[in-house]
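Asks: First, the structure itself, so that you have it in front of you.
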Amino acid sequence: MAFVPAPGYQPTYNPTLPYKQPIPGGLSLGMSVYIQGVASEHMKRFFVNFVVGQDPGADVAFHFNPRFDGWDKVVFNSQQGGKWGNEERKRSMPFSKGAPFELVFTVLAEHYKVVVNGSPFYEFKHRLPLQMVTHLHVDGDLRLQSINFLGGQPTPYQRPMTTPGYSGPGYGHPGYGAQPLHSLPSMEGPPTFNPPVPFTGRLQGGLTARRTIIVKGYVPPTGKSFSINFKVGSSGDLALHINPRMAEGVVVRNSRLNGSWGAEERKMAHNPFGPGQYFDLSIRCGMDRFKVYANGQHLFDFAHRFPAFQKVDVMEIQGDVALSYVQI
C-alpha cells in the first residue's frame with residue numbers, strides 16, 4: 001500500500017547524504033522545513049544550506065552550520081559570488097553527539113526562524129530574496145531520518161484552503177498538481193506548532209473520507225504511554241483509540257462505543273514509538289477504514305467500527321508525548 005502524503009506535505013524519509021534536492025514549488029513565505037535526524041557519535045560539524053540553483057558554486061542564501069570544535073557553536077552566514085558574507089555565530093550547542101534531534105526552519109518576511117527540539121534558537125535576516133532559493137543542501141556528521149516541506153504560498157496549480165481570520169506562518173496549502181481533486185486527501189485547518197499536551201482539536205465538518213491528520217512529536221526517554229483519540233464530542237464515543245505503550249513495546253488500537261471498549265488490535269510489523277524517538281504520523285480516514293503511516297511506512301489499518309465516522313468531530317492527544325506539529 002503506497003504512502004499518500006497529505007496536501008502541502010512533501011516528506012522524504014531516510015535520505016542519503018549529501019542531500020541536495022529541489023524545494024517543492026521553491027521557497028516561499030510561510031514555508032517550514034522540518035529535519036529529523038541523529039547527530040553522529042563523533043560529530044564535528046554539519047550544515048544545512050538554502051541554495052540558489054543546483055550548480056556547484058551557487059549562491060547560498062542561508063548557511064546553518066553547527067560545529068563541535070572545542071568552542072562549540074553554531075555559525076550562520078550567506079555566500080554570494082563565491083564569497084562568504086559577515087559571519088554570525090551563537091556560542092550555544094543545541095545538538096548532542098549521538099542524540100536524535102528535530103530542526104525546523106520557518107520562512108518569515110524578515111528572517112529565517114530556527115527552532116531546535118521545540119525551542120526557538122535563532123533568527124537569521126534575509127540577505128538574498130527568499131524567492132531565489134530553489135534547493136536544500138544537507139551534509140556532514142549526521143544521519144537523516146526525514147525532511148518535510150510544509151506550507152508556503154500555493155503554486156499556480158494549487159488551490160488554497162483558506163480559513164477565515166487565519167494568516168499565520170506555516171499554513172499548509174495542498175499541492176494538487178494535475179491530479180483530480182476528488183482522489184486526494186484533504187486537511188481543513190491550519191497547522192498548530194508545538195501545542196501543549198493534553199491537546200484537543202476540533203475537526204470542523206467532521207471526519208470526512210480522504211481527510212488526513214498529521215501528528216509530529218517526540219516520545220520522552222521516560223515516556224510510558226500516550227494516546228490519540230478520534231471522538232464524537234456529543235456522545236463520547238471513540239471511533240479510533242491509538243495507544244502506544246512504550247513499557248510494553250506495543251501500539252494498542254481500539255474503539256469505545258456506548259461506553260464499552262471493543263476488541264484490542266496489537267499486531268504490527270514495526271513500532272516507531274520508542275523512548276527518546278521522534279515520530280511522524282499520518283492518519284488517513286478512508287471509506288471503510290483508517291490507514292495509518294509512521295515515518296512514511298505503513299503502520300496499520302483499522303476497519304471502521306463506528307459507521308457514522310463523519311460524526312467524529314474531536315481529536316484528543318494525551319499522555320507522555322511532546323508535540324511539534326499537528327494538522328487536522
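Asks: Go through the stretch 188-206 and give me each residue that's modelled with pLDDT of 90 or more, surrounded by 17 or more Cβ atoms within 10 Å (Cβ to Cβ) and outside any loop (DSSP other than H, G, I, E, B).
Replies: Within the stretch 188-206, Phe199, Gly201 qualify.
Asks: Can Ser119 be described as closer than 22 Å to Ser32 by Cβ, out of contact with any strand residue (DSSP E or B) (no Cβ under 6 Å at 6 or more places or on another chain) and exposed (fewer than 14 other Cβ atoms within 10 Å of the Cβ)?
Replies: Taking the combined requirement at face value, the residue satisfies it.
Asks: Taking the stretch 2-25, which residues are closer than 18 Å to Leu108 by Cβ and modelled with pLDDT of 90 or more?
Replies: Ile23
Asks: Please state which of the following conditions Leu323 fails to meet, knowing it meets all the rest: (1) farther than 25 Å from Gly233 by Cβ; (2) modelled with pLDDT under 95; (3) surrounded by fewer than 21 Cβ atoms within 10 Å (Cβ to Cβ).
Replies: (1)
Asks: Go through the stretch 298-313 and give me each residue that's in a strand (DSSP E or B) and surrounded by fewer than 19 Cβ atoms within 10 Å (Cβ to Cβ).
Replies: His298, Phe300, Asp301, Ala303, listed by residue number.
Asks: Something else now. Looking only at the stretch 53-81, count every residue that is surrounded by 14 or more Cβ atoms within 10 Å (Cβ to Cβ) and in a strand (DSSP E or B) and tell me the total.
Replies: 15
Asks: Checking Gln10 against (1) surrounded by fewer than 16 Cβ atoms within 10 Å (Cβ to Cβ); (2) part of a loop (DSSP other than H, G, I, E, B); (3) at negative phi; (4) under 22 Å from the mean Cα position of the chain (by Cα): exactly one of these is not met. Which one?
Replies: So the condition that Gln10 fails would be (2).
Asks: Looking at Ala247, Ala263, Ala209, Ala269, can you tell me which residue is part of a loop (DSSP other than H, G, I, E, B), at pLDDT 95 or above and surrounded by fewer than 22 Cβ atoms within 10 Å (Cβ to Cβ)?
Replies: Ala263
Asks: Name the single residue, out of those in the stretch 239-266 being aliphatic (A, V, I, L, M) and in contact (Cβ under 8 Å) with a residue 24 or more places away in the chain, that is farthest from Asp320 (Cα to Cα).
Replies: Residue satisfying both the conditions and the ranking: Leu257.
Asks: Another question about this same structure. Inspect all residues belonging to the stretch 101-108 and state whether any of them is aromatic (Phe, Trp, Tyr), modelled with pLDDT of 95 or more and buried (at least 18 other Cβ atoms within 10 Å of the Cβ).
Replies: yes
Asks: Among the residues of the stretch 274-297, what is the count of those that are surrounded by fewer than 21 Cβ atoms within 10 Å (Cβ to Cβ), hydrophobic (A, V, I, L, M, F, W, C) and over 14 Å from the mean Cα position of the chain (by Cα)?
Replies: 1
Asks: Can you confirm whether Trp84 is surrounded by fewer than 20 Cβ atoms within 10 Å (Cβ to Cβ), of a type in the set (A, V, I, L, M, F, W, C), more than 25 Å from the chain's Cα centre (by Cα) and at pLDDT 95 or above?
Replies: Taking the combined requirement at face value, the residue satisfies it.
Asks: OK, next. State which residue is surrounded by the fewest Cβ atoms within 10 Å (Cβ to Cβ) when the search covers only the stretch 250-260 and only residues that are polar (S, T, N, Q) and within 17 Å of Glu316 (Cβ to Cβ).
Replies: Asn254
Asks: Taking interchain pairs and intrachain pairs at least six residues apart, which have beta carbon atoms under 7 angstrom, with the first residue in the stretch 115-129 and at positive phi and the second surrounded by 14 or more Cβ atoms within 10 Å (Cβ to Cβ)?
Replies: Close Cβ pairs satisfying both conditions: Asn117/Pro94; Asn117/Phe101; Asn117/Glu102; Gly118/Asn194; Gly118/Ala322; Gly118/Ser324.
Asks: Scanning the stretch 212-244 for residues that are in a loop (DSSP other than H, G, I, E, B) and among the hydrophobic types (A, V, I, L, M, F, W, C), which turns out surrounded by the most Cβ atoms within 10 Å (Cβ to Cβ)?
Replies: Per the criteria, the residue is Val219.
Asks: Further question: Inspect the stretch 40-52 for any residue being touching a helix residue (DSSP H, G or I) at 6+ places or on another chain (Cβ under 9 Å) and either in a strand (DSSP E or B) or modelled with pLDDT of 95 or more (or both) and give the result as yes or no.
Replies: Within the stretch 40-52 (the criterion being touching a helix residue (DSSP H, G or I) at 6+ places or on another chain (Cβ under 9 Å) and either in a strand (DSSP E or B) or modelled with pLDDT of 95 or more (or both)), the answer is yes, since at least one residue qualifies.
The values are calculated or read from the model by the stated rules, or taken from the named source; none is laboratory data. Treat the numbers as computed from the prediction; the structure is a model and nothing was measured. FYI the Cβ positions are ideal-geometry reconstructions off the backbone, even for glycines, and counts take in every protein chain you see.
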